[in-house]
Amino acid sequence: MKGVFATVFFTNSLPSSFKATEDEKGRPRGERPAIELQELSFAYGEQTILSRISFTVPKQSFMGIIGPNGSGKTTLLKCLDKTLTPTAGRILLDGKDLAKISLKELARKVGVVPQQWEVNFAFSAWEIVMMGRYPFLTPFARESREDWVKGRAAMEATNTWELANRPITELSGGERQRVMIAQALAQNPKLLLLDEPTSHLDVNHALELCELLRELKQSEGLTILAVFHDLNLAARYCDALVLLKEGQVYASGQPEKVLSTENLEVVFGVHVRIRQEAETGRPSILFLPRTKAEV
Amino acid sequence: MTKISTNPVKRVPFSFFLVLLTLVLVLLCLVALTLGPARVGVAEVLQALTGRLPLLDRIFFGEIDLLNQKILFGLRLPRIILAVLVGAALAVAGVIFQGLFRNPMADPYVLGASSGAAFGATMAAVSGSNLLVFGLGARPLFAFAGALLTTTLVYRLARSGRRYSLTTLLLAGIAVSAFMSALTTLLLFFRQEELGRVLFWTMGGFSYTRWVEVKVILPYLVFGLLLASRFARELNLLLLGEEKAHQLGLEVEKLQRYLLFTASLLVAAAVSVAGTIGFVGLVVPHIMRLLLGPDHRPLLPLSALAGGIFLLVADTLARMLLAPGELPVGILTSFVGGPFFLYLLRKNRQIMH
């Protein structure tokens, strides 16, 4: 009963312009961003982790979140996958309030690739990937042909199909990471969230992974939001960056703009030399030790 | 469209094990029917069994000794069926606990669920109440309450963040189990006239089994097993870690409550008719996992079958080894399970911390 009253009251009190579209800013539906953060805050008790974060992630873009340890990068991702509930502000996914999306519905839209994944049980890579179909299955139902097709396509896209029979416990770090991405792709997501996907990988595998993500963005039309530890990788692969400092957005926009000498000095406390690489057209960063006078 | 004809994973098919284990179980049941102080031959057993079935009774003729009839249908058959049912319940409860805690050493006995159920059942027995709630006996209901209480307690104690430390889990299990056993002893201390009966029941066994016990636990068991298989896929997801399971759309805490409920139901059903029989839920799932891999969809039903086989064999040995005397079957399973537990403990040393 209470719910019915609340709904009626809410609908009546809405301004008429609000009813026309879900989008407050009056943009046509098709151009709604994949993610829109509005004044998002999160605190553990007294301790504020995120403070009034606002930015948007356009559809089919590859966006990176950077910032020093403790700046709130991982907390931000955890708010996006509903592990944590924001203390203030809201998150819109494709125009819809995240708080109103059920976990299962969310899992049909958003795939998450964690930083590290310890699986101690010898599931085969195929079984792992097929678990990505969970949000589409009803209890007791067996996977349908469509599920198999999606699973296989996800494995082929990540180049893991030949690992299908292998136990996940026997795979190398890079292979396991690709299987994790395959599982997320099997969820048929529109959005992929990654938490420092390269931090446990050798440099060759890290590059491979970033190339793969960029390919997936093109081929699957995915929107990608990833936390990066490695600034050079972020600079090279991301379309846009958000730089966090102490739980707030310090800068955001194109990598060339965000990765300025001043920004990096203020946020990370390091001297850097930045140059535009002719080969990639992207900035690359050289970190310089502090002078003796500063230490 | 890409053509996929088969699942790429080549594992020994579920149906093979299903048929194999069912055959073994049926065969062992027949053998167990022939064993005992009174000599009843295989032919006579078959004749007696088929004589009770429609159609088949026309194939086998001949009179069967009335006393033997009574021994077979009044004593041995209910006992055999109960041993199989209790074994299945304990094995499935073990699988659930191991999945829930992502730990191969979790088992109803080790976690204190059995002690909790035993305390509840003793309460019911000592209070002598014959009260029925929705037609269900007091003993299984009290046992269920005890099991649910202990498992929830251990679950809360062992949980830190989204992980369970093996050490905390085992220690919490031991402590809660000891506490519950002390409560049971205290109850018996005040009602010493019940001591002998309850003590023998606590040791675990099927000596007094009649059909009524089978009827008492059957609904619990069927409901528990159905619920368990309902959660097979969710248990798989849980093995990936709670965070990942959440990201795949699983409401983890809700599921964990359902799982504690289901496992407690199974343990309570088993304990209320057969006392505490340890380690069935540890040994059977472990062996089945080695054979089948970690997927709970085949693991749950096949562990139920294997649990039934395991406890049937143990109980048959228990009544044959010291014939005409009888060992409590709980002692036998602990002789197998205790060392097995230590072996697992040694094997899992590295994840202790």
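Heavy-atom accessible area buried between chains A and B is around 3300 Å² (1.4 Å probe, both sides summed). Within the accessible area of the protein assembly as shown, the carbon and sulfur atoms contribute 61%, probe 1.4 Å, all protein chains present. Its Cα centre serving as origin, the protein assembly as shown has a Cβ charge dipole (Lys and Arg +1, Asp and Glu -1) of approximately 820 debye. For chain A, the extents of the C-alpha atoms along the principal axes are 70, 54, 38 Å, listed from largest to smallest. Bridge orientation summary for the protein assembly as shown: considering DSSP beta bridges with both residues in this region, about 65 percent are antiparallel. Restricting region A:129-165 to trypsin sites (Lys or Arg not before Pro) that sit in a DSSP loop and have at most 15 other Cβ atoms within 10 Å of their own Cβ leaves A:R142.
Legend: translational diffusion of region B:82-351 by Stokes-Einstein, Rh = Kirkwood radius over C-alpha pairs, 37 °C, 0.692 mPa s; D = 179 µm²/s.
Only one residue of B:L27, B:L90, A:H271 has its Cα farthest out toward the positive end of the dipole of the protein assembly as shown, where Lys and Arg carry +1 and Asp and Glu -1 on Cβ, and that residue is B:L27. Annotation: Cα Rg of region A:77-141 relative to the compact-globule expectation 2.2 N^0.38 Å equals 1.34.
Any chance you could check the Cα centroid distance between region A:256-288 and region B:138-172 for me, in angstrom? That distance is 53 Å. Along chain B, the exposed loop sites are chymotrypsin sites (Phe, Trp or Tyr not before Pro) outside DSSP states H, G, I, E and B with at most 10 other Cβ atoms within 10 Å, and the longest stretch free of them is B:135-353. Look at the dipole of chain B built from charges on Cβ: of B:S165, B:A304, B:P219, the Cα furthest out on the positive end belongs to B:S165. Rolling a 1.4 Å probe across the protein heavy atoms gives chain A an accessible surface of 50 Å² per residue.
About the centre of its Cα atoms, chain B shows a dipole size close to 840 debye [charges on the beta carbon of Lys, Arg (+1) and Asp, Glu (-1) only; nearest 20 debye].
For region A:182-239 and region B:186-208, compute the distance between their C-alpha centroids and round to whole Å. Spelled out, the Cα-based centre of one part sits 63 Å from the other. I'd like the distance between the alpha-carbon centres of region A:101-115 and region A:132-167, rounded to an integer number of Å. Result: 16 Å between the Cα centres.
Here the label points at A:Q115 and A:Q60, each 7 Å from Cα along the C-beta direction, are separated by 3.3 nm in the simple model. Placing a pseudo-label 7 Å from each Cα along the Cα-to-Cβ vector at A:V203 and A:H271 gives an inter-label distance of 2.3 nm. Say R0 is 35 Å: what FRET efficiency, to the nearest 0.05, do B:K254 and A:Q47 get from their beta-carbon distance? Step by step, r from the Cβ atoms, then E = 0.80.
Exposed loop positions in chain A were taken to be GluC sites (Glu not before Pro) whose DSSP state is not H, G, I, E or B and which have at most 10 other beta-carbon atoms within 10 angstrom. Between these positions, the longest stretch is A:119-278.
The Rg/Rh ratio for the protein assembly as shown is 1.08, where Rg is the radius of gyration of the alpha carbons and Rh is the Kirkwood radius. If R0 equals 45 Å, the separation of the Cβ atoms of A:E211 and A:T87 corresponds to a calculated FRET efficiency of about 0.75. Based on C-alpha pairs under 8 angstrom that are at least 6 apart in sequence, chain A has a relative contact order of 21 percent. Among the trypsin sites (Lys or Arg not before Pro) in region A:209-295, those located in a DSSP loop and surrounded by at most 11 other Cβ atoms within 10 Å of their own Cβ are A:R290, A:K292. Membrane-span-like helices of chain B, defined as complete DSSP H segments with a Cα extent of 24 Å or more along the helix axis and a mean Kyte hydropathy of at least 1.6, are identified as B:14-34, B:77-100, B:166-190.
When the protein assembly as shown is described by a simple charge dipole with +1 on each Lys and Arg Cβ and -1 on each Asp and Glu Cβ, the residue from B:L188, A:S172, A:L207 located farthest towards its positive end is B:L188. By its C-alpha gyration tensor, with a ≥ b ≥ c as the square roots of the eigenvalues, how is region B:281-353 shaped: rounded for a/c under 1.5, else prolate for a/b larger than b/c, else oblate? Oblate shape, in that a/c is at least 1.5 and b/c is the bigger or equal ratio. In a reduced charge model with +1 at each Lys and Arg Cβ and -1 at each Asp and Glu Cβ, chain A shows a dipole moment near 820 debye about its Cα centre.
The values are calculated or read from the model by the stated rules, or taken from the named source; none is laboratory data. None of these values were measured; they are calculated from a predicted model. Every residue, glycine among them, receives a Cβ derived from its backbone with ideal geometry; neighbour counts consider all protein chains shown. We work out accessible area using only protein heavy atoms, side chains counted, and drop any ligands, DNA or RNA first. Shrake-Rupley method; radii C 1.70, N 1.55, O 1.52, S 1.80 Å.
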